[in-house]
Amino acid sequence: MRFVAVKSAEQQSVLVLHRTRELLVRQRTMLVNAIRAHMAEFGVVARVGLPQLKELLQVIADGEDERIPSLARICLGGLARQLLSLEREIVGAERRIQAWHRTNETSRRLDTILGVGPITASALVASVTDPSIFKSGRGMAAWIGLVPRQNSTGGKERMGRISKQGDQYLRWLLVAGAMTVIRHAKRRGTTDAWLARLIARKPTKVAAVALANKMARIAWVLLRHGGTYRRPAPIPAA
């Protein structure tokens, strides 16, 4: 039985900040999808990505563009204003997270892990009150939900997909960070022998989960024993 450690008021405040940002990001995604869908009904389509959405917003703001009827333009203009307001709120939340991160020594130490930035580091510090409740880094990775589900019987071990039973927000942050590391390694190469073998052997998404698991274990070591992350020795030249 694992007992939940009581969070301090500061930790709970940081989590509120993270949850607020997460909600705002979800609302932004809903608005973006709505604007794209409504504009597509009138034959106005933009490339995928938030930067390309500006093309649609310019069409909405252009009252002389006859592709959008006036009634639809009024509705789309309201959605566009909500989107811009959300963007300002998200930027403000991220700035507050960055400011707290700079003042917290533990969060700065976690930031040295490859694939972990200020947002992930501050979320880990705020969520993991007492790392000693986990016997090892594997325990914390399992708590986050980054270990495979076991369907074992008759002495035979059958490992399935990740359990996803844990902290969904931390899991998403770690996997997203791992995906960024893997994409960078595929474009520019990597000096990490373990990561190079992982990318060569596994599909991208499977490799990302494995790397996220490793990142969680490293984070537990730093939370439990202190210190900063030291990158592995580079691959020796052939």
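None of the figures in this text is laboratory data; all of them are computed from the coordinates on show. The shown structure was predicted, so the numbers you read here are calculated from the model rather than taken from an experiment. Counting neighbours? That spans all protein chains shown, and the Cβs are built from the backbone with ideal geometry, glycine included.
In percent, rounded to a whole number, the relative contact order of segment 1-103 is 37, using alpha-carbon pairs under 8 Å and six or more apart. Mean residue ellipticity, 222 nm, helices only, the chain: the sum of -39500 (n - 2.57) across DSSP H runs of n ≥ 4, divided by residue count and rounded to 500, is -21000 deg cm²/dmol. Note on S8/R108: beta-carbon distance plugged into 1/(1 + (r/R0)^6) with R0 of 22 Å gives a FRET efficiency of 0.75. Dipole magnitude for the chain: about 1280 debye, using +1 per Lys or Arg Cβ and -1 per Asp or Glu Cβ, origin at the Cα centre. Counting other C-beta atoms within 10 Å, and keeping those with at most 15, which DSSP coil GluC sites (Glu not before Pro) do you find in segment 17-58? Answer by residue number: E41.
With the cut-off at 1.5 for a/c, could you classify segment 63-153 from its C-alpha gyration tensor as rounded, prolate or oblate? Don't skip to the answer; put the middle values down first.
Values: a/c = 4.36, a/b = 1.98, b/c = 2.20.
Cα axes put segment 63-153 in the oblate bin.
If I take R0 = 45 Å and measure r between the Cβ atoms of R88 and R224 in this structure, what FRET efficiency does the formula 1/(1 + (r/R0)^6) give, to the nearest 0.05? After rounding to 0.05, the efficiency reads 0.70. Evaluated over the chain, the count of Lys pairs having alpha-carbon atoms less than 27 Å apart is 19 (only pairs 8 or more residues apart or interchain).
With the charge dipole of the chain set up from +1 on Lys and Arg Cβ and -1 on Asp and Glu Cβ about the Cα centre, the Cα lying farthest toward the positive end among the listed residues Q11, P203, L84 is that of P203. Spin-label model, W194 to E55: label points 7 Å out along the Cα-to-beta-carbon direction sit 4.3 nm apart. For the chain, the relative contact order comes to 20 percent (Cα pairs under 8 Å, sequence separation of at least 6).
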